[in-house]
Amino acid sequence: YIKEFSSSSVMNCCMINAVGPMELTGKLLRHELLASQDENLTVLALSSWLGSISTKTFAGHYGYAGSKALMNMFIKGLALEFSKIAPHWTAVALNPGWMSTDMGGENADFTPHQVAIAIYDIVQDQTFIQSQNGKFLNTMDRTEHPW
């Protein structure tokens, strides 16, 4: 909540969840370590429903939610860039859903193993993933999630 707001905590979340992954992606692409422009390439970002501005319904979580919203914006921008420079490249944000982790708790809907299998299946389905450039998807049912 706002009384505990810490700029250093927010910046740390943004670095971990958005800035760092984008910087790594840029460096790998710069050195063509991921793919050439005529090969298929998919950049997936693990987002969160907390990163959706249009569906935010409760206060708090400024650092985490803000960093995921920033990452979503980065993915949307990256997708637009990919559409201009490499038609076989896609950038997609994934909402894994409520997982039973330290953060999600034991009453969550999905285990990390279930989510990992769903992500693997999405990546393997190249026809599907190539049609999703610039989208924010729910991992478990592949439906589009609101930004």
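Each value in this text was obtained by applying a stated rule to the coordinates, not by laboratory testing. None of the values given here were measured: they were computed from a predicted structure. Using ideal geometry, Cβ is built from the backbone for each residue, glycine included, and neighbour counts are taken over all protein chains shown.
Using a cutoff of 8 angstrom between alpha carbon atoms and counting only pairs six or more residues apart, the relative contact order for region 33-91 works out to 47 percent.
Normalised by the number of residues in the chain, the average gap of Cα pairs under 8 Å and 6 or more apart makes the relative contact order 25 percent. Taken about its Cα centre, region 1-98 carries a charge dipole of about 340 debye when Lys and Arg each add +1 at the Cβ and Asp and Glu each add -1 at the Cβ.
By how many degrees, 0 to 90 and rounded to 10, does the Cα axis of helix 20-30 deviate from the longest principal axis of the chain? So the helix axis and the longest Cα principal axis differ by about 10 degrees.
Straight-line cross-link reach from Lys84 at under 21 Å between alpha-carbon atoms covers these lysines, not counting any fewer than eight positions away in the same chain: Lys27, Lys76, Lys135. With all projection directions averaged, the alpha carbon convex hull of the chain covers 9.4 nm². For region 1-70, taking Cα atoms only, Rg and Dmax work out to 15.3, 50 Å respectively. Taking the C-alpha atoms only, the angle from helix 112-124 to the longest principal axis of the chain is near 20 degrees.
Relative to one another, the C-alpha centroids of region 1-16 and region 68-141 are positioned 24 Å apart.
What is the helix-to-structure angle for 62-85, meaning the angle in degrees between its Cα long axis and the longest Cα principal axis of the chain, kept from 0 to 90 and rounded to the nearest 10? Rounded to the nearest ten degrees, it is 10. Computed from the Cβ-Cβ distance with R0 of 30 Å, the FRET efficiency linking His113 to Ile2 stands at 0.25.
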